[in-house]
1. Considering only segment 9-54, how many residues are in contact with a strand residue (DSSP E or B) (Cβ under 6 Å, 6 or more places away or on another chain) and of a type in the set (Lys, Arg)?
2. Answer yes or no as to whether residue 25 is part of a strand (DSSP E or B) and more than 25 Å from the chain's Cα centre (by Cα).
3. Being free of Cβ contacts under 8 Å to residues at least 12 places away in the same chain, β-branched (Val, Ile, Thr) and not in a helix (DSSP H, G or I) is the filter here; which residues of segment 28-69 pass it?
4. Would you be able to say whether some residue in segment 61-81 is surrounded by 12 or more Cβ atoms within 10 Å (Cβ to Cβ) and among the acidic types (Asp, Glu)?
5. Quick one: would you say residue 6 is surrounded by 11 or more Cβ atoms within 10 Å (Cβ to Cβ) and either within 17 Å of the chain's Cα centre (by Cα) or outside any helix (DSSP H, G or I) (or both)?
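We did not get these values from a lab; they are worked out from the coordinates using the rules stated. All figures in this text were calculated on a predicted structure; none of them were measured in a lab. Please note: Cβ atoms are built from the backbone with ideal geometry, for glycine as well, and neighbour counts cover all protein chains shown.
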Amino acid sequence: MGYQIIKQPDDKYCFFDSCIDNVTICDMTHDEMIEALVEEARTDIIRKVNSVLTKLEKGERPYYNDTLSFTDMIKRITDVHGKIEGKKVKSFICSNTCTYKK
């Protein structure tokens, strides 16, 4: 864990970073603390998705040997859930509708 949320004497909160053993942000309310963590998670998610999409667009394998093509994915679904489910998923995705129900 890189940080702890610490309650200050004035009932506000701060982040104590255990990597640098110091406060990084202070004087935050409950809602500000949540917003800071949500924004951090959002930024991390955007970075991860952009990295995967960039690799896919370049024809690279972002998940290394576990990277599936569309065909591989449909085959896996068919192997695990049966032909009907494989066909349903393929049909749903290829038809660009949002009515898929399992």
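1. So the count comes out to 1.
2. no
3. Hit for segment 28-69 is 67, nothing else.
4. Taking every residue of segment 61-81 in turn, none turns out to be surrounded by 12 or more Cβ atoms within 10 Å (Cβ to Cβ) and among the acidic types (Asp, Glu).
5. Against the criterion (surrounded by 11 or more Cβ atoms within 10 Å (Cβ to Cβ) and either within 17 Å of the chain's Cα centre (by Cα) or outside any helix (DSSP H, G or I) (or both)), residue 6 qualifies.
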